[in-house]
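J.: Input: one structure, supplied below.
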Amino acid sequence: MRVGRLSLAEKQLVELARALATGAALLVLDEPTSALTAPQSRRLHEVLREQVNAGVTVIYISHRLGDVLDFCDHISVLRDGEVRLTRPSAELSEAALIREMAGVDADFEASERGPAAALPAHLSVHNLRTAALPHPISFECRRGEILGIAGLAGSGRTELLRAIFGLDKRLGGAVRLDVGGTSVELRGTKQAIRCGVGLVAEDRASEGVFQDQRLAFNVTVAGLRRIASRTGRLIRSREASAVTGLVRELRVKSDGIDQPMRTLSGGNQQKAMLGRWLHCDAQLLLLDEPTRGVDVAAKLAIHEELVHLRDAGRSIVAVSSELDELASLCDRIIVLSNRKLVREFQRSELRQEDILAAAFSEYA
């Protein structure tokens, strides 16, 4: 199979296999599980432990603190270019690592909303089918709600967001959006954007970020009409005002709005992708792994911003491979298994073992 046809998680596994195939005595792994689900991560750690037992040394870099604590013998924490701590992993906890990494105690838990039934439906998906989603899928996301989508890699999570946004051809069903009290059926990407829908893709490097363009261009590219004259000419003062405001609001760390995008950290690139849709005043945000590969401080900042947007009345549909992230952030969670929607969990009944059992249910 051509590697280009593989999912992001499968590509990451291919890279890891290539590194293991060299017979190296030292493996340096940078975010090896960032695109992997928990079962895939556990299997990778089993393989790596076999290598370690055979005498291989592993340097393991990750923002997934549970993975670091489970796999590593010793842990060093870097912050602002300095080593803040080096200790045996048995002496550390996630809370201690977060304090050193972020400089703050981080026990994030989104405040609860009222009963979902009391909120009006913003997005309605009815019997949606595509080539990648052969089983009809129906659900709603209500206004001012964060709806999580859980499932294993390959369960159809990304494909569902792409189908809602209009990137993948629908074979059946309908996607409807409440726009100013009127129900509108979405039939394509351009219409979705005009109706206030934004998508932050899982693989920002290849599907979201224009690496060689300025930060300002990356933020405004989907809404250039908002900073242009009637004749379509870009007005630099409008661009600077719009981007500077969003950079301040989202706490994007940069050397200015003209900084090349590729020189920003992963967390700041992710914030800029979120800023792109806030610039367009998107009322429904489709987020695929919104904190993948970002550091703890950036993850906390993104979580706080998402809750702020929810409380301001925007709707968010978020895919994440990290169940603790979904459990702390979402008002409801739906679970996909083998491209079927199998369960829905209210916030009050969220238990990670139940979500995992549902995610595995159609693979039995």
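The values are calculated or read from the model by the stated rules, or taken from the named source; none is laboratory data. Since this is a predicted model, take the numbers as computed values, not measurements. All Cβ positions, even for glycine, are placed from backbone atoms using ideal geometry, and neighbour counts span all protein chains on display. For accessibility, only protein heavy atoms count, side chains too; no ligands or nucleic acids. Shrake-Rupley method; radii C 1.70, N 1.55, O 1.52, S 1.80 Å.
J.: What does the C-alpha gyration tensor say about the overall shape of region 233-323? Classify as rounded when a/c is under 1.5, otherwise prolate if a/b is larger than b/c, or oblate. Don't skip to the end; give the middle numbers.
T.: On the way: a/c = 2.08, a/b = 1.32, b/c = 1.57.
Oblate is the answer for region 233-323, as a/c is 1.5 or above yet b/c matches or exceeds a/b.
J.: Suppose every Lys and Arg Cβ carries +1 and every Asp and Glu Cβ carries -1, with no other charges. What dipole size does region 299-341 come out with about its Cα centre, to the nearest 20 debye?
T.: 320
J.: Quote the accessible area belonging to Asp258 in square angstrom, nearest 10, computed with a 1.4 Å probe and with ligands, DNA and RNA left uncounted.
T.: Using a 1.4 Å probe on the heavy atoms, I get roughly 100 Å².
J.: From the square roots a ≥ b ≥ c of the eigenvalues of the alpha-carbon gyration tensor of region 5-99, which class results: rounded (a/c under 1.5), prolate (a/b over b/c), or oblate? Walk me through the numbers before you get to the answer.
T.: Values: a/c = 1.85, a/b = 1.46, b/c = 1.27.
Prolate, since a/c reaches 1.5 and a/b exceeds b/c.
J.: Picking from Ser328, Thr244, His45, whose Cα lies most toward the positive end of the charge dipole for the chain (charges on Cβ: Lys, Arg +1; Asp, Glu -1)?
T.: Thr244
J.: Related question: Send over a whole-number figure in Å² for the accessible area per residue of the chain, probe 1.4 Å.
T.: Values: 17670 Å² over 364 residues.
Heavy-atom SASA per residue in the chain reads 49 Å².
J.: Expressed as a rounded percentage, what relative contact order does region 190-311 have, with Cα pairs under 8 Å and six or more residues apart?
T.: Working: 154 pairs, mean separation 46.2, N = 122.
38 percent.
J.: Please sort 132-138, 348-354, 31-37 by packing, taking for each peptide the average over its residues of neighbouring beta carbons within 10 angstrom, highest first. Please list the in-between numbers first.
T.: Values: 132-138: 16.4, 348-354: 11.4, 31-37: 22.0.
The densest-packed peptide leads the list: 31-37, 132-138, 348-354.
J.: At a Cα cut-off below 28 Å, give the lysines reachable from Lys190, other chains included and same-chain residues fewer than 8 away excluded.
T.: Lys169, Lys271, Lys340
J.: Moving to a separate point now. Averaging sequence separations of C-alpha pairs under 8 Å and six or more residues apart, then dividing by the length of the chain, give the relative contact order as a whole percent.
T.: On the way: 618 pairs, mean separation 70.0, N = 364.
RCO, the chain: 19 percent.
J.: Amide H of Leu85: which non-local residues (sequence gap of 5 or more, or other chain) have their own amide H closer than 5 Å, using H built in the peptide plane?
T.: Val77
J.: A further question on this structure: What net charge is computed for the residues neighbouring Leu264, neighbours being all others with C-beta under 10 Å from the C-beta of Leu264, Lys and Arg scored +1, Asp and Glu -1? Can you show the working numbers first?
T.: Working: positive: Lys253, Arg262, Lys271; negative: Asp255.
Taking every Cβ under 10 Å from that of Leu264, the sum is +2.
J.: Would you grab the residues whose amide H sits under 5 Å from the one on Val179? Only those 5+ places off in sequence or on another chain, please, with H modelled 1.01 Å from N.
T.: Val184
J.: Specify the angular offset, from 0 to 90 degrees and rounded to the nearest 10, of the alpha carbon long axis of helix 296-311 from the longest principal axis of the alpha carbons in the chain.
T.: 30
J.: Any idea what the dipole of the chain comes to, in debye rounded to 20, about its Cα centre with Lys/Arg Cβ at +1 and Asp/Glu Cβ at -1?
T.: Details: 48 positive and 48 negative charges, 397 e Å.
The dipole of the chain has a size of about 1900 debye.
J.: Need one number: % antiparallel among DSSP beta bridges in region 1-102, to the nearest 5.
T.: Working: 6 of 11 bridges.
Approximately 55 percent, going by the DSSP bridge assignments.
J.: Then there is this: Given only helices, namely DSSP H runs of n ≥ 4 each adding -39500 (n - 2.57), what is the per-residue ellipticity at 222 nm of the chain, to the nearest 500 deg cm²/dmol?
T.: Working: 13 runs with 132 residues, N = 364.
So the helix-based figure for the chain works out to -10500 deg cm²/dmol.
J.: If you restrict to DSSP beta bridges whose two residues both lie in the chain, what percentage is antiparallel, to the nearest 5?
T.: Values: 29 of 51 bridges.
Antiparallel: roughly 55 percent of the beta bridges in the chain.
J.: Can you give me the % of accessible surface on the chain that is carbon or sulfur? Probe 1.4 Å, all protein chains present, nothing else counted.
T.: Numbers: 8610 of 17670 Å².
For the chain, the apolar C and S fraction of the accessible surface comes to 49 percent.
J.: Let me ask you something else. For a quick protection proxy, order the peptides 330-343, 191-204 by their average other-Cβ count within 10 Å, most packed first.
T.: 330-343, 191-204
J.: Further question on the same structure: Just to check I understand the Karplus step: with θ = phi - 60° and J = 6.51 cos²θ - 1.76 cosθ + 1.60, what whole-Hz values come out for region 15-27, glycine and proline as x?
T.: Along region 15-27, the couplings run 4, 5, 4, 4, 5, 5, 6, 7, x, 5, 8, 10, 10 Hz.
J.: Per-residue accessible area for Tyr363 at 1.4 Å probe radius, Å² rounded to 10?
T.: Solvent-accessible area, nearest 10 Å²: 100 Å².
J.: For region 286-313 and region 241-271, what is the separation of their Cα centres, given in Å?
T.: Between the Cα centres of region 286-313 and region 241-271 lies a distance of 15 Å.
J.: Then there's this: What angle do you read, to the nearest 10 degrees and between 0 and 90, between the alpha-carbon axis of helix 266-279 and the longest principal axis of the chain?
T.: 10
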